[in-house]
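Have a look at the structure below before the remarks.
The values are calculated or read from the model by the stated rules, or taken from the named source; none is laboratory data. Nothing here was measured: the structure is a model prediction, and the numbers come from that model. Because the Cβ atoms are built from the backbone with ideal geometry, glycine has one as well, and the counts that use them run over all protein chains shown.
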């Protein structure tokens, strides 16, 4: 077996170990804490492996009750991918464009009046939008793709309950949205070990420098108090396991064929971190988010559907 194949399988199966196994005592404790069994649409989180990005998403959203559970007729929706980097899809720095297109189409099928897609990019925004493939995929699906680089489009908001990040300048599309769907890609990050759903929200604010200079992990968690996404869909298909968030070449990538979906942003990050081969408690913003009650880091306390395609 090639080393990359071994690592790919080993890392993903660490998620299964984290989600499926425990001692008898821990199982008993989880059962005591867990709510009564619910219908399929009541799952807290769905974890899918082994398929292509759109196929995994289709199965996951079906298990959650369909996009109509999150998007109602006439609503204004923002789909927020990671498209911060002037790199093509095969470099794994941005969210898979076909996945973004499928999500946009489902939003319209559920009755959305308008769907917006944007990101406050790190690289030059027009090149990042184009070369990521996301702009074209989103437009082909009917979305309005708007720039995220204009300071005038950001408004200052208060963040009640925040410990460090008490205000932030947020893009007007987020402020005006009825529904926000967060679609990050799972990958390595030099400052935070991983960047997933919670950190992807840095792409909807103007001043990110403050975050980096004032306890980045706490600021990431604090911002979730402003507005948690209605749904988080984590693209774990082609995962950058080192040299993130931009990467240096395809040698930094591992094909993991995974997707996590949940309305709980902390749970989505916790499950995705296990796929990455890390423990959620070791990632500062995930641990803090759980401690602050933003979401649930303890996956044993959740109603989880696991699917292998």
Next on the checklist: Among the residues that make up region 54-74, is at least one of them over 30 Å from residue 251 (Cβ atoms), at pLDDT below 95 and not in a helix (DSSP H, G or I)?
Outcome noted: no
Next on the checklist: Take residues that are under 20 Å from the mean Cα position of the chain (by Cα) and tell me which of the helices (runs of 4 or more DSSP H) falling wholly in region 89-189 contain 3 or more.
Outcome noted: 97-109, 134-140, 172-176
Checklist entry - If you go through region 251-273 one residue at a time, how many are in contact with a strand residue (DSSP E or B) (Cβ under 9 Å, 6 or more places away or on another chain) and more than 30 Å from residue 177 (Cα to Cα)? => result 6
Checklist entry - Restricting attention to region 262-293, and to residues there that are assigned to a loop (DSSP other than H, G, I, E, B) and over 14 Å from the mean Cα position of the chain (by Cα), which single residue is farthest from residue 219 (Cα to Cα)? => result 277
Next on the checklist: Just checking, does region 294-301 include any residue being within 22 Å of residue 79 (Cβ to Cβ), surrounded by fewer than 24 Cβ atoms within 10 Å (Cβ to Cβ), at pLDDT 95 or above and more than 14 Å from the chain's Cα centre (by Cα)?
Outcome noted: yes
Item to check | Near pairs, Cβ below 7 angstrom, 6+ apart or cross-chain, from region 245-261 (at positive phi and outside any loop (DSSP other than H, G, I, E, B)) to any residue that is crowded, with 19+ Cβ neighbours inside 10 Å and modelled with pLDDT of 95 or more | outcome: 257/49; 257/51; 257/237
Checklist entry - residue 225: under 21 Å from the mean Cα position of the chain (by Cα) and surrounded by fewer than 21 Cβ atoms within 10 Å (Cβ to Cβ), yes or no? => result yes
Next on the checklist: Being crowded, with 22+ Cβ neighbours inside 10 Å and touching a helix residue (DSSP H, G or I) at 6+ places or on another chain (Cβ under 7 Å) is the requirement here; does residue 304 meet it?
Outcome noted: no
Checklist entry - Looking only at region 200-218, which residues are under 14 Å from residue 287 (Cβ atoms) and either over 17 Å from the mean Cα position of the chain (by Cα) or not in a helix (DSSP H, G or I) (or both)? => result 215, 216, 218
